[in-house]
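**Q** Got a structure for you, written out below as structure tokens; questions coming shortly.
Just so you know, all these numbers are worked out from the coordinates, no wet-lab data involved. Please read all numbers here as calculations on a predicted model, not as lab measurements. No Cβ is skipped: glycine too gets one built from the backbone with ideal geometry, and neighbour counts run over all protein chains shown.
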Amino acid sequence: MRILTLSLLLAVALPVLAQEKAAPAKGEPRITGRKIYLNEDDKPAFPVPPDGFDKKRADIPHGKLEMIEYDSKTVGTKRKLNVYTPPGYTKEKKYPVLYLLHGIGGDETEWERFAAPDILLDNLIADGKAQPMIIVMPNGRAQKNDRAEGNVFAAAPAFTAFERDLLDDVIPFIEARYSVNPDREHRALAGLSMGGGQSLNFGLGHLDKFAWVGGFSSAPNTKKPAELLPNPAAATKQLKLLWLSCGNQDGLINISQGVHAYLKENKVPHIWHVATHGHDAPEWKQALYYFVQQVFKDK
């Protein structure tokens, strides 16, 4: 298995960051200054979300968002998970699970800060547009000091190591604590930026574990397309959904474009959604809004 070296990640990302000189507080590094080439099919697959899609509504049931701890044998310490359970969650029912990964500048709170998944899901479930599901937002930096501080790029190897933490620690913990369907058809993996690369790498590398995979604005840690899917025909039979999205003003769009081109050439069904955003929170919020409407449904 090829592992992206830290030096390659730095070589790709640091020149871009140097042009910005500063990253947003407690957020993802801005990606600017790259020449972007758009192809004819780099277009939105969905419209702009309706007004109020991300606003909390008082007249509907609400789910629960809680921070919990689990024992990570992979890292050798206790680690945190941000977990959403849908309205009316009960042990009498089995739920599907979306594992949702953050970017290189974030942690287990990033999705809550950037996109309010609990509000999105509450609204969509109330409108009958999404299945009731559990969303697990872990820390994808598998090391003892997993805070996003200092030189965040120095933690790149810890994002690779998270593969074992996810498979060996996080998923078993969630399936022991919550009432879930513990099979691939009820398990999805998606993420933004570095987490998008992780989701494609880990999800497509373990199709026995995940049937629904999504990469939002995937970063340079993403494996080359032929390594992600060395057997496109077999993957086509296993995947229920493969999602790729990126903003058309994102300096990293070439990563997702390359995966899309490979999938298209090899006739692997997938969603390719290119909206009018950069490498930013509005892009990821609308991507999540549409992604959760596609998963855990019969096609």
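**Q** For the chain, set up a GNM with springs between Cα atoms under 10 Å and report which of PRO230, PRO50, PRO132 has the largest fluctuation.
**A** Residue with maximal mean-square fluctuation among PRO230, PRO50, PRO132: PRO50.
**Q** Run the numbers for ASP168 and LYS224: contour at 0.36 nm per residue of separation, minus the present Cα-Cα distance, in nm.
**A** Residue separation times 0.36 nm, minus the Cα-Cα distance, leaves 17.7 nm.
**Q** What per residue convex hull volume, in Å³, do the alpha-carbon atoms of the chain yield?
**A** Convex hull volume per residue, Cα atoms: 125 Å³.
**Q** What list of ³J(HN,Hα) values in whole Hz, one per residue of the range 286-297 in order, does the Karplus curve 6.51 cos²θ - 1.76 cosθ + 1.60 (θ = phi - 60°) give from phi, with Gly and Pro shown as x?
**A** Listing the rounded values in order: 6, 5, 5, 3, 7, 4, 5, 7, 9, 7, 6, 10 Hz.
**Q** Whole angstrom only: what separates the Cα centroid of the range 234-251 from the Cα centroid of the range 57-122?
**A** So the separation of the two Cα centres works out to 22 Å.
**Q** Relative to the Cα centre, what is the charge dipole magnitude of the chain, using +1 at the beta carbon of each Lys and Arg, -1 at the beta carbon of each Asp and Glu, and rounding to the nearest 20 debye?
**A** 340
**Q** How high is the relative contact order of the range 150-229, in percent, with contacts defined as C-alpha pairs under 8 Å that are six or more residues apart?
**A** Details: 99 pairs, mean separation 21.4, N = 80.
Once normalised by length, the contact order is 27 percent.
**Q** With springs only between Cα atoms under 10 Å apart, run a GNM on the chain and tell me which of ASN201, ASN139, ASN266 wobbles the most.
**A** ASN266
**Q** Could you give the length gained by full extension between ILE36 and THR77, i.e. 0.36 nm per residue of separation minus their alpha carbon distance, to one decimal place?
**A** Result: 10.6 nm gained on full extension.
**Q** Looking at the chain as a GNM with Cα springs under 10 Å, which of GLU110, GLU92, GLU185 has the largest mean-square fluctuation?
**A** Per the Cα network of the chain with a 10 Å cutoff, GLU92 tops the list.
**Q** Divide by every residue of the chain the summed helix terms, -39500 (n - 2.57) for each DSSP H run of at least 4, and state the resulting mean residue ellipticity at 222 nm, rounded to the nearest 500 deg cm²/dmol.
**A** Using -39500 (n - 2.57) per qualifying helix, the result is -9500 deg cm²/dmol.
**Q** Given the pairs LYS224/LYS264; LYS64/LYS94; LYS55/LYS237; LYS64/LYS93, which span a C-alpha to C-alpha distance of over 26 angstrom in this model?
**A** Numbers: LYS224/LYS264 15 Å; LYS64/LYS94 16 Å; LYS55/LYS237 38 Å; LYS64/LYS93 16 Å.
Beyond 26 Å: LYS55/LYS237.
**Q** Please rank MET137, MET67, MET194, fewest neighbouring Cβ atoms within 10 Å first, as an exposure proxy.
**A** By the 10 Å Cβ count, ascending: MET67, MET137, MET194.
**Q** Calculate the dipole size of the range 133-198 relative to its Cα centre from +1 charges on Lys and Arg beta carbons and -1 charges on Asp and Glu beta carbons; express the result in debye to the nearest 20. Before the final figure, lay out each step's value.
**A** Values: 7 positive and 9 negative charges, 29 e Å.
That gives a dipole near 140 debye.
**Q** Let me ask something else. By counting other Cβ atoms within 10 Å of each Cβ, how are SER193, SER179 ranked from fewest to most? Intermediate values should be presented prior to the final figure.
**A** Details: SER193 31, SER179 14.
In order of increasing Cβ crowding within 10 Å: SER179, SER193.
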